[in-house]
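The values are calculated or read from the model by the stated rules, or taken from the named source; none is laboratory data. These figures come from a predicted structure and were not determined experimentally. Please note: Cβ atoms are built from the backbone with ideal geometry, for glycine as well, and neighbour counts cover all protein chains shown. Each accessible area value is taken on the protein alone, full model and side chains, heavy atoms only, with ligands, DNA and RNA left out. Shrake-Rupley method; radii C 1.70, N 1.55, O 1.52, S 1.80 Å.
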Amino acid sequence: MLMAKDQHELMHCLEVLNMFDVGELIFISALERKETRGTHIRSDYPFANPVMDKLLIIKKVNDKPIIEWRDIDR
């Protein structure tokens, strides 16, 4: 439960809730990318997978994460 005494504290509370949402999506996207690439290193997938050379789109719809892989336009 969060409580704000004024509008400034309310903004800080909303920023914290937003950071929780963004952090959750970052964790989900890290688990979805089953490879090691750049600074994203996974001991269970130690090599880069050229098939996964795509863009990972993740968004929250109705409090559920939606994951989508798209080809990169080059």
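With every protein chain present, what is the per residue accessible area of the chain (1.4 Å probe, Å²)?
Averaged over the residues of the chain, the accessible area is 87 Å².
Check each of the chymotrypsin sites (Phe, Trp or Tyr not before Pro) in the chain and keep only those in coil by DSSP with at most 10 other C-beta atoms within 10 angstrom; list them in order.
Of the chymotrypsin sites (Phe, Trp or Tyr not before Pro), the ones in loops of the chain whose Cβ has at most 10 other Cβ atoms within 10 Å are PHE47.
Bin width 5 Å, alpha-carbon pairs only: give the P(r) of the chain as whole percents, running from 0 to the bin holding the largest distance.
Percent of Cα pairs in each bin: 3, 13, 18, 17, 15, 12, 8, 6, 5, 2, 0.
Just how many pairs of Lys in the chain have C-alpha atoms closer than 27 Å, counting pairs that are eight or more places apart or on different chains?
Lysine pairs meeting the criterion: 5.
At most 11 other Cβ atoms within 10 Å and a DSSP loop assignment: could you name the trypsin sites (Lys or Arg not before Pro) in region 11-66 that fit?
Counting only loop positions with at most 11 other Cβ atoms within 10 Å, the trypsin sites (Lys or Arg not before Pro) in region 11-66 are LYS34.
I need to check one value: relative contact order of the chain, counting alpha carbon pairs closer than 8 Å and at least 6 residues apart, in percent.
18
At LEU55 and ASN18, where each label point lies 7 Å from the Cα along Cα→Cβ, what is the point-to-point distance in nanometres?
Here the modelled spin labels are 2.2 nm apart.
Using a 1.4 angstrom probe on heavy atoms only, work out the carbon and sulfur share of the accessible area of the chain in %.
That fraction is 61 percent.
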